[in-house]
1. Would you check if there is a residue in the range 184-192 being assigned to a helix (DSSP H, G or I), open to solvent by less than 60 Å² (accessible area, probe 1.4 Å), farther than 16 Å from His14 by Cα and at pLDDT 95 or above?
2. Restricting to the range 104-131, and then to whatever is modelled with pLDDT of 95 or more and assigned to a loop (DSSP other than H, G, I, E, B), can you tell me which residue is surrounded by the most Cβ atoms within 10 Å (Cβ to Cβ)?
3. Can you name the number of the only condition in (1) among the β-branched types (Val, Ile, Thr); (2) within 19 Å of Gly170 (Cα to Cα); (3) open to solvent by 10 Å² or more (accessible area, probe 1.4 Å) that Thr15 fails?
4. Within the set of pairs 6 or more residues apart or between chains, which connect a residue that is within 23 Å of Ala23 (Cβ to Cβ) and loosely packed, with under 10 Cβ neighbours inside 10 Å inside the range 132-161 to a residue that is at pLDDT below 95 and of a type in the set (S, T, N, Q) with Cβ atoms less than 9 Å apart?
5. With Thr99, Thr155 as the choices, which residue is under 19 Å from Gly13 (Cβ atoms), modelled with pLDDT of 95 or more and touching a Leu at 6+ places or on another chain (Cβ under 7 Å)?
6. Checking the conditions here, which among Ser162, Ser103, Ser157 is closer than 27 Å to Leu53 by Cβ and either among the small types (Gly, Ala, Ser) or out of contact with any strand residue (DSSP E or B) (no Cβ under 6 Å at 6 or more places or on another chain) (or both)?
7. Consider the range 25-36. How many of its residues are touching a residue at least 12 places away in the same chain (Cβ under 8 Å) and charged (D, E, K, R)?
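The values are calculated or read from the model by the stated rules, or taken from the named source; none is laboratory data. Given the structure is predicted, the values throughout are model-derived calculations rather than measurements. Using ideal geometry, Cβ is built from the backbone for each residue, glycine included, and neighbour counts are taken over all protein chains shown. Just so you know, the surface numbers come from the protein's heavy atoms only, side chains and all, with ligands and any DNA or RNA stripped out. Shrake-Rupley method; radii C 1.70, N 1.55, O 1.52, S 1.80 Å.
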Amino acid sequence: MTALAVVFHSGYGHTAKAAEAVAAGAQQIDGVSVEVLAIDSEGNLPEGGWHLLAQADAIIFGSPTYMGGPSWQFKKFADASSKPWFSQEWKDKVFAGFTNSASMNGDKLGTLDYMFHLSQQHGGVWVGMGMLPSNTKAANRNDVNYIAGFSGLMTVSPSDASPDEAPLPGDLETARKFGERVANVTKRWSSV
């Protein structure tokens, strides 16, 4: 069985909705189990979270983008990962990342870059989107990868939208496909 862990912080519930879609996509792949670990409002993992991350073949990071980077709660988690870093516990794991913000751009790439660099500190292998953007004149907001993320999943939740309203269905379908991709890549990587 290939084990994936989705570890994320969500300030208002929108990033949690994206995390659920990523996990649902990964779970569609035979032979893959998925653990979803929410970082709490104080920046802590749930009981047993560090052990689950140690056992995972892949770790998918998630955070809202606040002021051009991840939330402080995600940064606290990242700083606390220095213990597995020191022992090279996460070396050669597959990593990926996703983020959500209110604006179409919102400097989401800054958050994904932070996650990428964190994965590289740990000696991991990064998986990007692997899908073309929806960027033709015929494209609409609910098409897959309309936001055109390449290094990781980007979703949008307008500032006045509840988690019931956003991210939009197209972003959530993109999240599911992203979860499938990370699961498939992890299965291939784990069999090497």
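1. Of all residues in the range 184-192, those assigned to a helix (DSSP H, G or I) come to 184-190.
In the following step, the residues that additionally are open to solvent by less than 60 Å² (accessible area, probe 1.4 Å) were identified as 185-186, 190.
Going one step further and asking which of them are farther than 16 Å from His14 by Cα, we end up with 185-186, 190.
Subset that is at pLDDT 95 or above: 185-186.
For the range 184-192, residues assigned to a helix (DSSP H, G or I), open to solvent by less than 60 Å² (accessible area, probe 1.4 Å), farther than 16 Å from His14 by Cα and at pLDDT 95 or above: present.
2. Filtering the range 104-131 for residues that are modelled with pLDDT of 95 or more and assigned to a loop (DSSP other than H, G, I, E, B), the one surrounded by the most Cβ atoms within 10 Å (Cβ to Cβ) comes out as Val127.
3. Answer for Thr15: the failing condition is (3).
4. Cβ pairs passing all conditions: none.
5. On the way: Thr155 fails: touching a Leu at 6+ places or on another chain (Cβ under 7 Å).
Just a single option satisfies the conditions, and that option is Thr99.
6. Values: Ser162 fails: closer than 27 Å to Leu53 by Cβ; Ser103 fails: closer than 27 Å to Leu53 by Cβ.
Only one candidate passes the filter, namely Ser157.
7. Counting residues in the range 25-36 that are touching a residue at least 12 places away in the same chain (Cβ under 8 Å) and charged (D, E, K, R) gives 1.
Table: residues versus (1) touching a residue at least 40 places away in the same chain (Cβ under 8 Å); (2) under 24 Å from Ile147 (Cα atoms).
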residue: Tyr12; (1), (2): yes, yes
residue: Ala38; (1), (2): no, no
residue: Leu53; (1), (2): yes, no
residue: Lys91; (1), (2): no, no
residue: Gly97; (1), (2): yes, yes
residue: Asn100; (1), (2): yes, yes
residue: Thr111; (1), (2): yes, yes
